[in-house]
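Below you'll find the structure, written out as structure tokens, and then a few comments.
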Amino acid sequence: MTTSTSLFERAKMVIPGGVNSPVRAFKGVGGTPVFIESAKGAYIFDTDGKQYIDYVGSWGPMVLGHNHLAILSAVQKTAEKGLSFGAPTPLEIELAELVCKLIPSIEMVRMVNSGTEATMSAIRLARGYTGRDKILKFEGCYHGHSDSLLVKAGSGALTLGQPSSPGVPEDFAKHTLTCEYNNLDSVKQAFEQYPNEIACVIIEPVAGNMNCVPPKAGFLQGIRELCDHYNTLFIIDEVMTGFRVALNGAQGYYGVTPDLTTLGKIIGGGMPVGAFGGKKEIMEYIAPTGPVYQAGTLSGNPIAMAAGLACLNELKKAGNQQRIADLTEKLALGLRNLADKHQVPFVVNYVGGMFGLFFTDQKEVSTYAQVMKCDSKKFNQFFHSMLAQGIYLAPSAFEAGFMSLAHSDKDIDRTLQAADQAFATLKN
Ligand code: PMP
């Protein structure tokens, strides 16, 4: 018996399902979650001391690798000065200035404590600013667990087969329209049905909560045009993609300008952080300059600001984004070649530093329906074979994988060697 097994039993006595976020429980893939003791660079170490090459990276934030010295030292230095003041600090301005510089559509930004808070607040702002109630999201996209957004959501909810959650009043859910990702016609139809009622469209510019599904050419631009036509705000949720798909976000990568952007994960370098920002005129509509209320005791927390700044300053160094994209491509193409070698029907999607593995004989996977047609049993088998060989992939067929700058070519080679064996076990 591993220590993880006994820790899981102990955890289940006092924490629902033994975890503080559902996907960690390995429900989709089966088996016992690995309990982590420590992490460094591309590796995590479990409570028995076993090393894994990590492609989860705390679900995205660890883009530099774990426990990067620049972040660690910024956190230590800042902590010595005090953990939280509930008053403004210079660090908040510095991070806000850097975010505005890196993502030009963000003229002003407000810090919060999680991605959930960022999207929830952005939606309240959009509703307050436009005076409209309806919002439009996409099936399979996850934007955190606030009531309005937990409607046919992805991520843990999808894995658990609960497209929407009990506890979300129907009266809330009825204001959330859900369209098909990569289907612009479905968005057109929604606008035609409710031409004056939609406050905002919110989207993951690369969907990362139904595995990894990039947008088709023109899809994001088409939404932008519809939003302009119907005076609806366009919110691009870059909680996952921001500074990972490109330094100027997926919006920069695909050349589309939103009214509001939500951020999280990387912007906190591993500390709890979220942010939402956009056009000055809209952002000034929140308190204290405007009437839409939004606040937070720990928002702009100095340790989180320091970690985020250190992370972005490191990440923006020349060549880093290209390096992470190259590593991701090397892994993705390597996996595809191995799948071919073993005659395992397989599709791999990847953009920047994120990727998705699909066990399917479909030619491409670009919609939620196509994701749902994939063989999740095969994924689970593959996952466990990789885990046993010391490769830690996302424990769900509905989550994207994340590369970090700490991964080396050797790590990728080792991962591909393990995959060679894993694919071999899947043949029949
Ligand atoms: N938006 C997106 C696109 C996400 O991927 C996530 C989390 N995976 C969230 C929002 C919610 O962020 P958090 O878990 O920090 O609340």
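Below, the figures for the structure above:
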read-out	value
Qualifying position, being surrounded by fewer than 24 Cβ atoms within 10 Å (Cβ to Cβ), in contact with a helix residue (DSSP H, G or I) (Cβ under 7 Å, 6 or more places away or on another chain) and over 30 Å from CYS311 (Cβ atoms), among SER385, SER376, SER366	SER385
Number of the condition not met by GLY18 [criteria: (1) within 16 Å of the ligand (Cβ to nearest atom); (2) surrounded by 14 or more Cβ atoms within 10 Å (Cβ to Cβ)]	(1)
Qualifying positions in region 301-322 - farther than 23 Å from PHE85 by Cβ and not in a helix (DSSP H, G or I)	LYS316, LYS317, ALA318, GLY319
Residue check, LEU338 in contact (Cβ under 8 Å) with a residue 24 or more places away in the chain and either under 23 Å from the mean Cα position of the chain (by Cα) or assigned by TED's automatic domain parsing to the domain that holds PHE85 (or both)	no
Conditions (1) of a type outside the set (S, T, N, Q); (2) within 15 Å of PHE138 (Cβ to Cβ); (3) part of a helix (DSSP H, G or I): number failed by PHE172	(2)
Any hit, region 224-231, residues being within 13 Å of the ligand (Cβ to nearest atom), in contact (Cβ under 8 Å) with a residue 60 or more places away in the chain and of a type outside the set (D, E, K, R)	no
Scan of region 43-74 for residues that are away from the ligand (no atom under 16 Å from the Cβ), under 23 Å from the mean Cα position of the chain (by Cα) and β-branched (Val, Ile, Thr), ordered by number	ILE44, ILE53, ILE71
Residue in region 350-360 that is surrounded by fewer than 22 Cβ atoms within 10 Å (Cβ to Cβ) and over 25 Å from VAL239 (Cα atoms) present	yes
Strands (runs of 3 or more DSSP E) contained in region 5-117 and holding at least 3 residues in contact with a helix residue (DSSP H, G or I) (Cβ under 8 Å, 6 or more places away or on another chain) and of a type in the set (A, V, I, L, M, F, W, C)	108-112
Filter result (within 25 Å of SER21 (Cα to Cα) and part of a helix (DSSP H, G or I)) within region 118-138	ALA118, THR119, MET120, SER121, ALA122, ILE123, ARG124
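Each row is one residue, and each column tells you yes or no for (1) surrounded by fewer than 21 Cβ atoms within 10 Å (Cβ to Cβ); (2) at positive phi; (3) free of Cβ contacts under 8 Å to residues at least 12 places away in the same chain.
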{"site": "ILE93", "(1), (2), (3)": "yes, no, yes"}
{"site": "LEU98", "(1), (2), (3)": "yes, no, no"}
{"site": "MET108", "(1), (2), (3)": "yes, no, no"}
{"site": "VAL112", "(1), (2), (3)": "no, no, no"}
{"site": "ALA122", "(1), (2), (3)": "no, no, no"}
{"site": "GLU139", "(1), (2), (3)": "no, no, no"}
{"site": "TYR142", "(1), (2), (3)": "no, no, no"}
{"site": "SER148", "(1), (2), (3)": "no, no, no"}
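The values are calculated or read from the model by the stated rules, or taken from the named source; none is laboratory data. Since the model is a prediction, treat every value here as computed from it, not as a measurement. All Cβ positions, glycine included, derive from the backbone under ideal geometry; neighbour counts span all protein chains shown.
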